[in-house]
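Input: a single structure, listed below in structure tokens.
The values are calculated or read from the model by the stated rules, or taken from the named source; none is laboratory data. Quantities reported herein were computed from a predicted structural model and do not represent experimental measurements. With ideal geometry, Cβ positions are generated from the backbone for all residues, glycine too; neighbour counts draw on all protein chains shown. Ligands, DNA and RNA are stripped out before the accessible areas are found, and what is left, the full protein with its side chains, is counted by its heavy atoms. Shrake-Rupley method; radii C 1.70, N 1.55, O 1.52, S 1.80 Å.
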Amino acid sequence: DKVDGKKRGENAYLKHLTYKGAKERYIEITDSIKERIDFELQVIENSGYPGYFLIVQDFIKQARTMDVSVGPGRGSAAGSVVAYCTTITNVDPIKYDLLFERFLNPERVSLPDIDIDFDDEGRQKVIDYVIDKYGQKQVAQIITYGSMAARSSIKDVGRVLDVPLQEVNKVTKAFPDHLSANLNKVLATGGVQKKLKDSMNAEQNQAAEEFRVMAEQDDEIGQMIRTAKRLEGSVRNTGIHACGVIITPDDITKYVPVTTAKDSDLLVTQFDNSVVEDAGLLKMDFLGLKTLTIIKDAIAIIKSKHDVTIISDDIPLDDKKTLELFSKGNTNGVFQFESPGMQKHLKALKPDKFEDLI
């Protein structure tokens, strides 16, 4: 009953925050906007994730008060009006006809995933706020496991068997240069695995055959390759997920085993990303984005040199001079638009409105 009451409270509070935000975001809450909001809130309630939205909107609100730059929203979360009204995102999904179902689908309940961009200097401030708010024992980063690929296992075994480095390098260079190639497929019983063989070109197939001959040799090279094949795929080292942070409702050790990170005080889950979600824990993505730092620095320089205050969120999306820059392909440093191919298209297509860029 206590749990039910808590859930009811979370849903009611999220509804309150959403409608409060809707009054500020939309001049008039029309029937269609109300229908969309109520639909989303119902799906969020049914999937049991109101708390997730409440936590995210809280630390985003805090980030803005701490002068940390927050991205306007990316990925499927930009399709949520609830996220827009609670200022998690800054893109109006109704205006751009974005689908909520890409984010949370009533037909297939999957964990919501909101990628939040912070300027890479401010990111740590937000994580520190979350640790401070929920407690050191309820916040953790996520471990990653690095496994031994073909070349790294050959190098490691070569080092242990005292095979001269020159010889080891010769063997690793002889291994076929194909993305799907691994020792088990190349050295499969009876010949190179058929699927791999069919996807490799003549040169790669020749390299694979020559490598098989090396593996059968009755010397330290053959022994090294055969040993490496047995070790391939085993865990070699651990790391930390670049942006994933877990927040638990109680002491984290009640849910998953943890360890401590080498260079920070933050706990680290001993389950990796895939298993952490299976264990029922919710992952928050705190992304550090260099672009936001560059924008922030540029705004500070403009303020000090010209005494002009620019608020990036207030820059209109139909700004003529900005669109002219896009038409000229002057888009270095602009996410998704800086590749040579994209710049070529921009020059040819000459976009003159935001919808063209979409």
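Exactly one of these conditions fails for Glu232: (1) of a type outside the set (Val, Ile, Thr); (2) touching a Leu at 6+ places or on another chain (Cβ under 6 Å); (3) open to solvent by 40 Å² or more (accessible area, probe 1.4 Å). Give me its number.
Against the list (1) of a type outside the set (Val, Ile, Thr); (2) touching a Leu at 6+ places or on another chain (Cβ under 6 Å); (3) open to solvent by 40 Å² or more (accessible area, probe 1.4 Å), Glu232 comes up short only on (3).
Scanning segment 243-296 for residues that are of a type in the set (D, E, K, R), surrounded by fewer than 13 Cβ atoms within 10 Å (Cβ to Cβ) and assigned to a helix (DSSP H, G or I), which turns out modelled with the highest pLDDT? Can you show your working first?
Looking only at segment 243-296, we keep the residues that are of a type in the set (D, E, K, R), and these are 250-251, 254, 262-263, 265, 272, 277-278, 283, 285, 290, 296.
From the residues that got through so far, the ones that are surrounded by fewer than 13 Cβ atoms within 10 Å (Cβ to Cβ) too are 250-251, 254, 262-263, 265, 278, 290.
The next check asks that each one be assigned to a helix (DSSP H, G or I); those that pass are 254, 278, 290.
On the way: Lys254: 93, Asp278: 79, Lys290: 90.
Looking at the filtered set, the residue picked out is Lys254.
If you check Ile240, Ile252, Ile246, which single one turns out to be closer than 30 Å to Met284 by Cα and out of contact with any helix residue (DSSP H, G or I) (no Cβ under 9 Å at 6 or more places or on another chain)? Can you show your working first?
Details: Ile252 fails: out of contact with any helix residue (DSSP H, G or I) (no Cβ under 9 Å at 6 or more places or on another chain); Ile246 fails: out of contact with any helix residue (DSSP H, G or I) (no Cβ under 9 Å at 6 or more places or on another chain).
None of the others qualify; the one that does is Ile240.
Tally the residues that are assigned to a helix (DSSP H, G or I) and among the hydrophobic types (A, V, I, L, M, F, W, C), restricting the search to segment 48-103.
Looking only at that region, the number is 14.
Could you tell me which numbered condition Ile310 fails, if it satisfies all but one of (1) free of Cβ contacts under 8 Å to residues at least 24 places away in the same chain; (2) part of a helix (DSSP H, G or I); (3) open to solvent by 40 Å² or more (accessible area, probe 1.4 Å)?
(2)
Please determine, by comparing only the residues of segment 144-163 that are touching a helix residue (DSSP H, G or I) at 6+ places or on another chain (Cβ under 8 Å) and hydroxyl-bearing (Ser, Thr, Tyr), which one is surrounded by the most Cβ atoms within 10 Å (Cβ to Cβ).
Restricting attention to segment 144-163, the residues satisfying the condition of being touching a helix residue (DSSP H, G or I) at 6+ places or on another chain (Cβ under 8 Å) are 144, 148, 150-151, 153-159, 161, 163.
Pick out the ones that are also hydroxyl-bearing (Ser, Thr, Tyr) and you get 144, 153.
Details: Thr144: 15, Ser153: 25.
My answer is Ser153.
Starting from segment 128-143, keep only residues that are open to solvent by less than 40 Å² (accessible area, probe 1.4 Å), then list their pairs with residues that are not in a strand (DSSP E or B) whose Cβ atoms are within a distance under 6 Å, requiring at least 6 positions of separation or different chains.
Val130/Phe59; Val139/Val130; Val139/Ile131; Ala140/Ile252; Gln141/Leu266; Ile142/Asn273; Ile142/Val276
Can you confirm whether Ala242 is within 25 Å of Lys290 (Cβ to Cβ) and among the hydrophobic types (A, V, I, L, M, F, W, C)?
Values: within 25 Å of Lys290 (Cβ to Cβ): yes; among the hydrophobic types (A, V, I, L, M, F, W, C): yes.
Against the criterion (within 25 Å of Lys290 (Cβ to Cβ) and among the hydrophobic types (A, V, I, L, M, F, W, C)), Ala242 qualifies.
Which pairs have Cβ atoms under 7 Å, sit 6 or more apart or on different chains, and link a residue in segment 343-358 that is of a type in the set (Phe, Trp, Tyr) to one that is part of a helix (DSSP H, G or I)?
Cβ pairs passing all conditions: none.
Could you count how many residues in segment 213-229 are surrounded by fewer than 16 Cβ atoms within 10 Å (Cβ to Cβ) and among the small types (Gly, Ala, Ser)?
The qualifying residues number 1.
Condition first: closer than 21 Å to Gly9 by Cα and either touching an Asp or Glu at 6+ places or on another chain (Cβ under 6 Å) or of a type in the set (Asp, Glu) (or both). Can you find one or more residues in segment 59-78 that meet it?
No, segment 59-78 contains no residue that is closer than 21 Å to Gly9 by Cα and either touching an Asp or Glu at 6+ places or on another chain (Cβ under 6 Å) or of a type in the set (Asp, Glu) (or both).
Going through segment 1-47 one residue at a time, which ones are outside any helix (DSSP H, G or I) and of a type in the set (Asp, Glu)?
Taking segment 1-47 and keeping what is outside any helix (DSSP H, G or I), we get 1, 26-30.
Listed by number, the residues that qualify are Asp1, Glu28.
For segment 163-176, check the following and say yes or no: at least one residue is within 30 Å of Tyr255 (Cβ to Cβ), within 35 Å of the chain's Cα centre (by Cα), assigned to a loop (DSSP other than H, G, I, E, B) and at pLDDT 90 or above.
So far as segment 163-176 goes, no, none of its residues is within 30 Å of Tyr255 (Cβ to Cβ), within 35 Å of the chain's Cα centre (by Cα), assigned to a loop (DSSP other than H, G, I, E, B) and at pLDDT 90 or above.
Test of understanding: among Glu107, Glu167, Glu203, Glu210, which residue is without any contact (Cβ under 8 Å) to a residue 60 or more places away in the chain, closer than 26 Å to Gly280 by Cβ and either open to solvent by 60 Å² or more (accessible area, probe 1.4 Å) or not aromatic (Phe, Trp, Tyr) (or both)?
Glu107
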